[in-house]
Structures are given as C-alpha cells and as structure tokens.
Amino acid sequence: MAGNLIRNSETILEIFQRACGRRELLILVTPYLRFESSFVKVEGSEFHVVATMGQEDATFGLRNAGLKMRFPHGVSFLEAPTEMRGFGMYDGRRTLRLRLPDVLQEEDHRGSYRVDRVGRIPVTFSTPKYDLIVGTLVNISTTGARIYSSRDFMDGELEPGQEMAVTIQVTDQIRINTKVKLRHVQGRTFGVEYRPQLDEHVLHPLSRWVFEKREEDLERIAQRGVETATPAGSLKAVTSRPAGLVLVSGDAALEESLQALLGGLQPLKRVPPTMAALKDALNLRPALVLYHLPSLSLDERRRLRPMVESIQGRVPFLLLGTGVEGGALLELGTDLKAAVSIVFNPERGTFFQRLVQGVLRRTYEGGESPMAPVDAEPT
C-alpha cells in the first residue's frame, strides 16, 4: 500500500486514542485469516480490542509473526504490523491486548478506494449556474464521487475546476451535503472532489462504510480464489498445479468430519500414518497435507519427525491435533515449520474451513485471505 509513514509516537498515540473513543472498526490480518474487531482502549504500550472470535481461535489465529492491522482514519486507511500480547478485560468483556505500533502506513489520498457497488443511490446537484438536477451515484470515496446526470449538459454548462454543490444520501445515517470541485466531465457522467474536506461528523461514518465495502470486495476475491476444487472423487495428479487434500491419520471418524467440512473445497483422501502411504500420496501432488496428531507422546513425536521431513519443501502441511494441549501443539508446529497448528474442534468447523481456505489461497493464489467467521457470542 503506497503512502506516507507516520512515525511520531505522540501522533500515533493520539490516533489510537481517537479510534478507541469512537470504538472504530479494525481488521486484524494474518497470512491465512482476517478477523473483524473494534478498538476499546489504550493502556501503556498496548491497546485493547474486542474481537468477534473465541479465545481458542485468537490463540491459534493471531499468535503469528505476520500479524497486521488496518482501520479507517479520516479520508484514508491506516495499516501497521502488531503482535498479540495476551488477553484482558474491559467493561466485563474479554479483550485482546495488542502492541502499539512504532510506525503507521497511510494510504495515498490520491488513490482513495472507490466503492463501485453502491446500488441505486439518488444524488441532487446544483450546477455552477444554480440549476438543480437529479442524478445517480456511480461510485464514491472518502474524497470524492462520480455521478451520472438524469439529463444531458449544454456546451460549457459544466467545466473542470468549477465549484458546485451535491447532496448524496449514502445510507439512512450518512448524508453528504457539501460543496465540491468539478474534476472531469464525460457525457452525462462527471467526477467531483469534496472541497473543503467533509466535516468529521460525516467523514468518520463514511470512512468506516467505505472501509467495510473494501473488505467485502477483498472477501469476494478471497473466496473466488479458493473455489478451485477439482471434481469430487479420488485424488488425481494434475499437470497444471497441485490439487487435493491428504489427511494423514488412522481415524476414520475424523476423515468423515473433514469430508463434510472440506470436500467442497478440494477432494480429500485419508492415508494411514506410514511412510510408504505418505510417499505414495505425495507423488500425486496434493495441495495440502493435514497431519493428525492424536497425542503428543514421545512415540508420536518420534514417528512425526521423519514423516514431516518427507513433506517439507514439497507441499504445505497443517498439524491437526485432537485431544492435545493447544500451546504444546503450537510450539511443536513452530519447530517443524508447519503452516498452521490447531486443535480440531468440530463445533468451530466453519473457522477451520476458512483457515484451510486461507492456506490454499495464500499458497497458490496470493492476495488476501478469507475473513474468519463471527462468533455468535463474542469474547
């Protein structure tokens, strides 16, 4: 994201305090998932957010060296790396404690994100000669809009650089009634820049609305990127790119659960935890290996290491624990360079499905990862 860097610690602190005061929307981004949350309070070198995720999801999803955040601020969006410090409490609700960043990256104002999926939003505008005309919104950003007129313009009626006024009822809560400068005219369509900048009582809700629309667009792209499953059936070798999921496990019941969750993404095949079976499966070029750990005993760990060595460098793999302690699994996965380490919880199946989608998306498509599902009861 091109733009300015904000390094002044007092400025950064003020930005976060204002965001907390507004309970501003925040997106936490890992390589494999995005989490929606909101600012709560600043405390020393940390800030608290209330996140729509369970404690287990936060532990597995956010303890990541690549954790970033982004949020709307004025006419722009800000982004920064951060790290999860632990859990806290605020007003009787569990919070996530995150590190205040040393640097914020500000999106270039000239490249303000424009919302194209606006629906049918009416616009009233006054020409420089004070003729009142009705039109419809084509797209909108935090700095300007593009409008389609209900009638043709006469020669010289609209010229770039002229000032005029517009009224745009974006939502029931967001009404823009402001002076603008005409930037370009093409037929019945013209672009305007808000001049002066919108007042804060309008800009803040508009900025959040635009930010939410951008996240929705990113989610559509992320979902489209993982809809690459081959036809259901047995795992097959392909020449174009890896495809299919391999579950290394002796647990047929686990296979049944994962088929229901992941079968629509990619064909899933279970193989027993033996070197010969794993090598045969790897020769079919799967997209992802899910290695099941029913325990973290010394025998299980001894069997695991040579198996993982045969996987490393060939295909991403996920350590999938059942009935094991999450922290120890996470530590083992970090040591083995697993893409993800997680204790499987059937009740959080949608979260797990999105996580696997994120790994596939990140590995083979690039770009944004899917949005984590929202808990019915946030922490």
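The values are calculated or read from the model by the stated rules, or taken from the named source; none is laboratory data. The structure presented is a predicted model; accordingly, all values stated were derived computationally and were not measured. Heads up, the Cβs are rebuilt from the backbone with ideal geometry, glycines too, and the neighbour counts pull from every protein chain shown. When the accessible area is computed, the model is the full protein with side chains, heavy atoms only, and any ligands, DNA or RNA have been set aside. Shrake-Rupley method; radii C 1.70, N 1.55, O 1.52, S 1.80 Å.
Summary of computed values
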{"item": "The range 35-48 residues that are in a strand (DSSP E or B), paired with ones that are among the acidic types (Asp, Glu) and open to solvent by less than 40 Å² (accessible area, probe 1.4 Å) (beta carbon under 9 Å, 6 or more apart)", "result": "Phe35/Asp57; Glu36/Glu215; Ser38/Glu24; Phe39/Glu24"}
{"item": "Positions within the range 16-46 being of a type in the set (Lys, Arg) and open to solvent by 10 Å² or more (accessible area, probe 1.4 Å), in sequence order", "result": "Arg18, Arg22, Arg23, Lys41"}
{"item": "Any chance Arg63 is touching a residue at least 60 places away in the same chain (Cβ under 8 Å), surrounded by fewer than 17 Cβ atoms within 10 Å (Cβ to Cβ), under 17 Å from the mean Cα position of the chain (by Cα) and farther than 21 Å from Glu215 by Cα", "result": "yes"}
{"item": "When residues of the range 76-98 are limited to those that are modelled with pLDDT of 90 or more and not in a strand (DSSP E or B), the one surrounded by the most Cβ atoms within 10 Å (Cβ to Cβ)", "result": "Thr82"}
{"item": "Residue list for the range 66-86, restricted to those being of a type in the set (D, E, K, R) and over 13 Å from the mean Cα position of the chain (by Cα)", "result": "Glu83, Arg85"}
{"item": "Which numbered condition Thr230 misses (of (1) of a type outside the set (Lys, Arg); (2) open to solvent by less than 40 Å² (accessible area, probe 1.4 Å); (3) at pLDDT below 95)", "result": "(2)"}
{"item": "Selection status of Ala277, open to solvent by 30 Å² or more (accessible area, probe 1.4 Å), over 21 Å from Thr363 (Cβ atoms) and aliphatic (A, V, I, L, M)", "result": "no"}
{"item": "Within the range 126-149, tally of residues that are among the aromatic types (Phe, Trp, Tyr) and either part of a loop (DSSP other than H, G, I, E, B) or on the phi > 0 side of the Ramachandran plot (or both)", "result": "1"}
{"item": "Residue in the range 336-358 that is surrounded by the fewest Cβ atoms within 10 Å (Cβ to Cβ), counting only those that are charged (D, E, K, R) and within 24 Å of Glu219 (Cβ to Cβ)", "result": "Glu347"}
{"item": "Checking Arg314 against (1) closer than 19 Å to Leu33 by Cα; (2) open to solvent by 30 Å² or more (accessible area, probe 1.4 Å); (3) not acidic (Asp, Glu), the condition it does not meet", "result": "(1)"}
{"item": "Test set (1) assigned to a helix (DSSP H, G or I); (2) modelled with pLDDT of 95 or more; (3) surrounded by fewer than 20 Cβ atoms within 10 Å (Cβ to Cβ) - Gly250 fails condition number", "result": "(1)"}
